[in-house]
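Some notes on the structure that comes next.
The values are calculated or read from the model by the stated rules, or taken from the named source; none is laboratory data. Because the structure is a prediction, the values reported are computed rather than measured. Glycine gets a Cβ as well: all are built from the backbone with ideal geometry, and neighbour counts include every protein chain shown. The protein model used for the area step is the full one, side chains on, heavy atoms only, and it has no ligands, DNA or RNA in it. Shrake-Rupley method; radii C 1.70, N 1.55, O 1.52, S 1.80 Å.
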Amino acid sequence: MMLKSLLKTVLEMRGDGARVHIKWAAVLFLLSAAFWHKIVFTGQVLFFDLTEKLFFPSFALYKSALAAKTIPLWNPFVLCGMPFLANPQAGCYYPFNIVYALTGFAAAIKISIVLHAFMAGLFMYFLSRSMKFGTAAAVLSAAVYMFNGFFVLHAGILSNASSYAWTPLVFLFFRKALADQKVFYALLAALFAAVQVFAGFPQFTYYCAVVMFFYAVFARTGPGIVKKAGYLALFAASTAVFSMAQVLPALEVVKNSVRGGGMGFEHAAVYSISPEIFAKFIFLPLWDWFKPFWPDDPHITGFYFSVVALVLVFVSVKKLMKGEISFFLWVFIVSLALSLGSYLPVYKLFYHAVPGWKYFRFPAQVNSMSAFAFALLAGYSVGNMRSTRLKTVVVALIVAELFLFGAKAHQLIDDSYYETKTGNIELLAGDGDLFRYVVTPEAASGRPEFDEDYLKRWLNHKDMLHRNTGGAYMLFDIDGRESFTPARYDSLLRTIDTPYTPVLDLLNVKYLLTMREISDPSYRLIKKGHVNVYKNNRHLPRVFFAPKALYLPESGILDYMSSNRFDPWNEVIFSAERKPGDFKPDASSVKKDNRWIVSIGNYSFNEIRVSVDSQDAGWLVFSENYYPGWKAEIDGKNSEILLADYALRALAVKPGRHKIRMYYDPWPVKAGLAVSGAAFAGFLVYAFVYFRRNGNGSRNSG
């Protein structure tokens with residue numbers, strides 16, 4: 001009853017009724033399946049490097065954690081550990097991501113892409129109908145939004161594709177909140193904005209909020225500016241509260257990351273679209289005829305709107321400059337201009353003037369709003385045609401053109417690719433020890449061994465174990481490709497410029513993959529090939545006992561650790577400005593024949609259990625990222641985790657046998673869940689009361 005009443009109000013059904021909308025929803029679903037028919041029916045799956053490097057390992061961890069009936073708070077497989085659930089891109093709270101836990105990765109990609117393409121079109125159809133578009137206009141808006149080049153080329157970045165789908169629904173309810181002056185619609189807009197945040201790419205939510213701010217200011221529909229400001233504030237506050245389960249942990253991640261102070265302009269403006277590339281994507285078929293063309297990382301910078309649709313909008317521009325639709329014309333123009341980023345002289349002013357803008361990079365992503373606005377412009381333009389037959393022909397032409405574009409717009413690979421283990425993966429996974437590996441820079445940026453067979457060529461690429469990829473096979477990498485790399489650990493990692501540094505030993509690096517030869521006798525070549533695999537015989541265990549401490553000025557720690565003077569087997573480095581408590585045994589107090597035994601009983605996503613037996617006091621060093629939220633117990637009693645070796649953890653341990661538990665228990669996760677849970681519960685109560693009072697969708701109360 002609640003859903004039926006809501007749809008009736010949103011779609012403002014009069015003459016055509018529910019069956020017509022259900023029919024067109026079915027058509028949109030079939031169009032989505034047809035557009036993506038190659039990944040649905042041919043045994044192939046979408047493939048981009050980021051799909052493999054970011055999302056395959058991430059969803060493998062997500063699936064493993066859920067299979068172990070635990071919440072994946074921490075990712076131990078990259079960067080000596082970092083928060084997992086708190087990273088928005090992981091999408092742990094997004095309900096549709098459960099498909100990645102229920103089936104294989106290739107099958108899950110197919111389901112997710114077809115589903116989200118359909119959702120994008122359906123939500124745009126709803127928005128168009130609520131704006132009084134006719135059937136042909138609404139269907140064209142839906143088709144352009146779900147098949148335009150921005151979405152298609154970004155589909156392999158799974159969090160982007162998921163987040164993109166929700167923008168029309170968020171805007172629909174915000175617009176209705178202003179038009180009907182109803183609090184309930186503002187809350188619904190906030191609820192779906194929170195779902196968009198959970199989907200994994202809050203940058204799109206931010207852009208949507210910026211557009212809605214200007215819509216409230218400049219659109220002539222709805223109440224006066226004061227009431228509009230009230231609805232806007234309600235939307236913003238409610239979105240924050242609904243999404244607090246993700247937002248609060250993410251804020252802590254950002255605070256402790258390399259992005260903690262925002263990004264410099266040069267970093268934020270990476271992936272600005274050059275005028276040349278911009279023109280090529282605008283007029284793609286006029287020079288390329290939809291051949292595979294991949295300039296400047298198209299899965300980030302790419303877009304395409306259809307030349308036929310552009311011509312249609314251009315010849316309708318006079319009509320588009322009148323009324324509410326003119327706002328979307330400006331959104332389209334301004335968003336396109338902003339995607340030029342550093343190539344646009346005024347972009348830097350925008351970067352400094354708009355609150356929050358400096359925390360997001362890649363100006364090319366602003367084209368998510370260009371695609372949103374253009375879909376409405378195209379639909380409105382075809383809706384103004386008088387001839388029904390002409391409307392049908394134009395809609396068919398634009399859809400056909402977008403299908404033609406989509407036929408060659410993405411790379412595909414055999415379904416078996418993601419799950420296949422290559423030689424180096426088998427080698428490392430077959431080692432029963434707890435260890436980490438590292439890929440040297442020249443190998444990380446090198447090309448794979450060439451093979452005429454397309455699948456084998458990419459399997460050779462996988463065999464190089466690029467950053468993040470090992471996590472899909474439960475392999476631990478000291479490096480990683482993450483947006484929010486912990487700042488202190490990043491500084492430590494940057495000291496590693498040679499295989500001979502003791503920092504590699506400290507970080508439990510047992511295997512080193514390189515294209516070069518290593519002459520150091522501490523490294524033993526165990527596999528020679530396009531990428532050589534060396535075993536480091538000096539590597540320290542994941543957890544070890546250090547008998548003595550060295551206190552150095554904070555500014556000198558990294559220089560010392562990167563030098564040959566550093567002896568991680570026998571010493572732990574503390575900052576002289578942060579000396580640990582009264583526990584200060586010095587080297588002279590340690591017996592030369594001291595023996596200690598350290599054994600790891602459990603090493604899981606969120607917890608480490610260790611037993612230690614030592615004749616003397618000392619420090620138990622964990623080559624794990626020091627991070628807020630980690631807690632420790634020694635023999636059941638709380639113990640302080642010390643910042644050691646610049647970015648790692650240590651515990652002060654007294655002589656004797658001890659049971660140690662270290663676990664991740666971040667307060668932002670618990671607090672965020674409590675706030676979001678209370679907000680959702682409150683909304684359900686409010687919605688129940690609202691529909692009891694307004695079951696007929698009346699406009700008379702909010």
Looking at this structure, is L397 aliphatic (A, V, I, L, M) and in contact (Cβ under 8 Å) with a residue 60 or more places away in the chain? yes
I'd like to know if the stretch 352-374 contains one or more residues that are open to solvent by less than 20 Å² (accessible area, probe 1.4 Å), in contact with a helix residue (DSSP H, G or I) (Cβ under 9 Å, 6 or more places away or on another chain) and farther than 18 Å from A209 by Cα. no
Criterion (closer than 30 Å to S491 by Cβ and either touching a His at 6+ places or on another chain (Cβ under 8 Å) or open to solvent by 30 Å² or more (accessible area, probe 1.4 Å) (or both)) met by exactly one of L102, L79, L30, L50: L50
Looking at (1) modelled with pLDDT of 95 or more; (2) among the charged types (D, E, K, R); (3) touching a Gly at 6+ places or on another chain (Cβ under 9 Å), which one does E426 not meet, given that it meets all the others? (3)
Qualifying residues in the stretch 249-277 (those that are open to solvent by 30 Å² or more (accessible area, probe 1.4 Å) and in contact with a strand residue (DSSP E or B) (Cβ under 7 Å, 6 or more places away or on another chain)) - the one farthest from G302 (Cα to Cα): N256
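Matching residues to (1) closer than 12 Å to A371 by Cβ; (2) of a type outside the set (G, A, S); (3) part of a helix (DSSP H, G or I); (4) open to solvent by less than 10 Å² (accessible area, probe 1.4 Å):
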residue	(1), (2), (3), (4)
M119	no, yes, yes, no
Y125	no, yes, yes, yes
K132	no, yes, no, no
M146	yes, yes, yes, yes
A194	no, no, yes, yes
Tell me, which residue of the stretch 592-632 that is more than 22 Å from K69 (Cβ to Cβ) and charged (D, E, K, R) is least open to solvent (accessible area, probe 1.4 Å)? E624
Residues S491, S445: which one is farther than 19 Å from S623 by Cα and open to solvent by 30 Å² or more (accessible area, probe 1.4 Å)? S445
Since D520 meets every condition but one in (1) surrounded by fewer than 16 Cβ atoms within 10 Å (Cβ to Cβ); (2) part of a strand (DSSP E or B), which condition does it not meet? (2)
Qualifying residue in the stretch 162-183 (condition: in a helix (DSSP H, G or I), closer than 21 Å to F59 by Cα, open to solvent by 10 Å² or more (accessible area, probe 1.4 Å) and of a type outside the set (A, V, I, L, M)): no
Given (1) within 22 Å of the chain's Cα centre (by Cα); (2) buried (at least 24 other Cβ atoms within 10 Å of the Cβ), A236 misses just (2)
Subset tally (residues that are part of a loop (DSSP other than H, G, I, E, B) and either open to solvent by less than 30 Å² (accessible area, probe 1.4 Å) or among the hydrophobic types (A, V, I, L, M, F, W, C) (or both)) for the stretch 432-442: 3
